[in-house]
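*Asks:* Quick one: the structure is below, and I'll ask about it shortly.
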Amino acid sequence: MFEIKGKVGLVTGGTSGIGLAISRELLEMGLKGIVLVGLNVDLGMKVLEELRREFGDNKVLFVKADVRQKDELEDAFKVAVSTFKNLDIVVNSAGILKNKRIEDTIDINLKGTIFSATLAFEYYLPKYKSGTEGVILNVASITGLEPFDSIPIYASTKWAVVGFTRSLGTERQYMRNNIKVLAICPGFTTTPILDFDEDTLLNSNYVEIYKSVTNSVIFQPASHVGKAAAFIVSQGKSGSMWVIKENQPIYEAKFEDRKLCIG
Ligand SMILES: NC(=O)c1ccc[n+]([C@@H]2O[C@H](COP(=O)([O-])OP(=O)(O)OC[C@H]3O[C@@H](n4cnc5c(N)ncnc54)[C@H](O)[C@@H]3O)[C@@H](O)[C@H]2O)c1
């Protein structure tokens, strides 16, 4: 079990929705410090003020960084370790649902996650973790576990995040540096990412199938995902993927067992 109390976290997309809910839950569980990484400075300052009022002045920082820019991201990691001296948990929640913006969707949802997770896995967590173990939690999606024909570009980035997380989360990888890498796969969750505009879908042919999906699912609050994610950070095994949907109890996604076919 990974003890959250007294640890230091960094959360991309930490100023809204699922990232904020996870940050809040980790703070509730006794985090020593957290860096929220986001794009919108006004929102960052507002959230910072709220969380400082709730959890104390010295525990929460906001750093403006675009996850597409490796240097900006790394500056956020540097702020975390220079302020709190350690870094133990990295949550990658930054993401967009804009199927028409193909490059941005891939760059933010996939490349941003890979940039942050590799910075964390290869350098910052092994060097700065305060205990024996560090944790990387990637925010994938149920759209990364099964075909999602209404939002294919977004879904493809989430399939890739699942594949990336499972590849970084093997036992052999874990043995290298005691960093566990896992992912959550939330279902539809009421957050700003679902605000619909002309970029949400690839083109107008997708409107009807998207509507048929959103009309038939049960939406859950971000707080449900936040609570589940904190449990998974503490209890989940490296390489595991966790389904959190329809406000129901969580479960681990199962995959056909295959041998690691390298080396
Ligand atoms: N809401 C859902 O139904 C749902 C379901 C499954 C997975 N997810 C995933 O959860 C994650 C969080 O989304 P959310 O639902 O909380 O929505 P959200 O819009 O509240 O959060 C996304 C955050 O990412 C930030 N962001 C976007 N582009 C960025 C960039 N270039 N650099 C830095 N930050 C950037 C946004 O500013 C925002 O704070 C996303 O990865 C999303 O794909 C959401």
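The values are calculated or read from the model by the stated rules, or taken from the named source; none is laboratory data. These numbers were taken from a predicted model, which means no experiment stands behind them. Here the Cβ positions follow ideal geometry from the backbone for every residue, glycine too, while neighbour counts run over all protein chains shown. What goes into the accessible areas is simple: the full protein's heavy atoms, side chains included, and nothing from ligands, DNA or RNA. Shrake-Rupley method; radii C 1.70, N 1.55, O 1.52, S 1.80 Å.
*Asks:* So, in segment 155-195, how many residues would count as being open to solvent by 30 Å² or more (accessible area, probe 1.4 Å) and within 15 Å of the ligand (Cβ to nearest atom)?
*Replies:* Here the count works out to 9.
*Asks:* While we're on this one: Please work out which residue is most open to solvent (accessible area, probe 1.4 Å), limiting yourself to segment 196-213 and to residues that are among the aliphatic types (A, V, I, L, M) and out of contact with any helix residue (DSSP H, G or I) (no Cβ under 8 Å at 6 or more places or on another chain).
*Replies:* 209
*Asks:* Scan segment 134-154 for residues that are surrounded by fewer than 24 Cβ atoms within 10 Å (Cβ to Cβ), away from the ligand (no atom under 11 Å from the Cβ) and of a type outside the set (Asp, Glu) and jot them down.
*Replies:* Passing the criteria: 147, 150, 152, 153.
*Asks:* When you go through 20, 27, 51 one by one, which is the residue that is open to solvent by less than 40 Å² (accessible area, probe 1.4 Å) and in contact (Cβ under 8 Å) with a residue 40 or more places away in the chain? It would help to see each step written out before you state the result.
*Replies:* Numbers: 27 fails: in contact (Cβ under 8 Å) with a residue 40 or more places away in the chain; 51 fails: in contact (Cβ under 8 Å) with a residue 40 or more places away in the chain.
Selected residue: 20, the only one of 20, 27, 51 that is open to solvent by less than 40 Å² (accessible area, probe 1.4 Å) and in contact (Cβ under 8 Å) with a residue 40 or more places away in the chain.
*Asks:* Next question, about the same structure. Which residues, counting only those in segment 68-116, are among the small types (Gly, Ala, Ser) and closer than 20 Å to residue 206 by Cβ?
*Replies:* If the condition is that a residue be among the small types (Gly, Ala, Ser) and closer than 20 Å to residue 206 by Cβ, then 95 is the only one that fits.
*Asks:* Condition check: of a type outside the set (A, V, I, L, M), in a helix (DSSP H, G or I) and over 22 Å from residue 228 (Cβ atoms). Does residue 78 satisfy that?
*Replies:* Considered against the rule, which asks whether it is of a type outside the set (A, V, I, L, M), in a helix (DSSP H, G or I) and over 22 Å from residue 228 (Cβ atoms), residue 78 comes out as yes.
*Asks:* May I pose another question? Within segment 214-232, restricting attention to residues that are loosely packed, with under 14 Cβ neighbours inside 10 Å and of a type outside the set (Ser, Thr, Tyr), which residue is farthest from residue 169 (Cα to Cα)?
*Replies:* Among residues in segment 214-232 that are loosely packed, with under 14 Cβ neighbours inside 10 Å and of a type outside the set (Ser, Thr, Tyr), the one farthest from residue 169 (Cα to Cα) is 215.
*Asks:* Pairs, please: C-beta under 7 Å, at least 6 apart or cross-chain, first residue closer than 16 Å to residue 194 by Cα and in segment 139-157, second small (Gly, Ala, Ser) and in a loop (DSSP other than H, G, I, E, B)?
*Replies:* What qualifies is 139/93; 139/95; 142/187.
*Asks:* May I pose another question? Six or more apart or on different chains, Cβ atoms under 6 Å: show the pairs whose first residue is in segment 178-199 and under 16 Å from residue 138 (Cα atoms) and touching a residue at least 40 places away in the same chain (Cβ under 8 Å) and whose second is of a type in the set (D, E, K, R) and open to solvent by 40 Å² or more (accessible area, probe 1.4 Å).
*Replies:* Pairs found: 187/245; 187/246.
*Asks:* For residue 96, indicate whether it is modelled with pLDDT of 95 or more, β-branched (Val, Ile, Thr) and open to solvent by 50 Å² or more (accessible area, probe 1.4 Å).
*Replies:* Working: modelled with pLDDT of 95 or more: yes; β-branched (Val, Ile, Thr): yes; open to solvent by 50 Å² or more (accessible area, probe 1.4 Å): no.
Against the criterion (modelled with pLDDT of 95 or more, β-branched (Val, Ile, Thr) and open to solvent by 50 Å² or more (accessible area, probe 1.4 Å)), residue 96 does not qualify.
*Asks:* Moving to a separate point now. Among the residues of segment 174-206, which ones are in a helix (DSSP H, G or I) and charged (D, E, K, R)?
*Replies:* 176, the sole residue that qualifies.
*Asks:* Residue 235 - would you say it is away from the ligand (no atom under 16 Å from the Cβ), more than 24 Å from residue 106 (Cα to Cα) and exposed (fewer than 13 other Cβ atoms within 10 Å of the Cβ)?
*Replies:* Judged against the criteria, residue 235 is a match.
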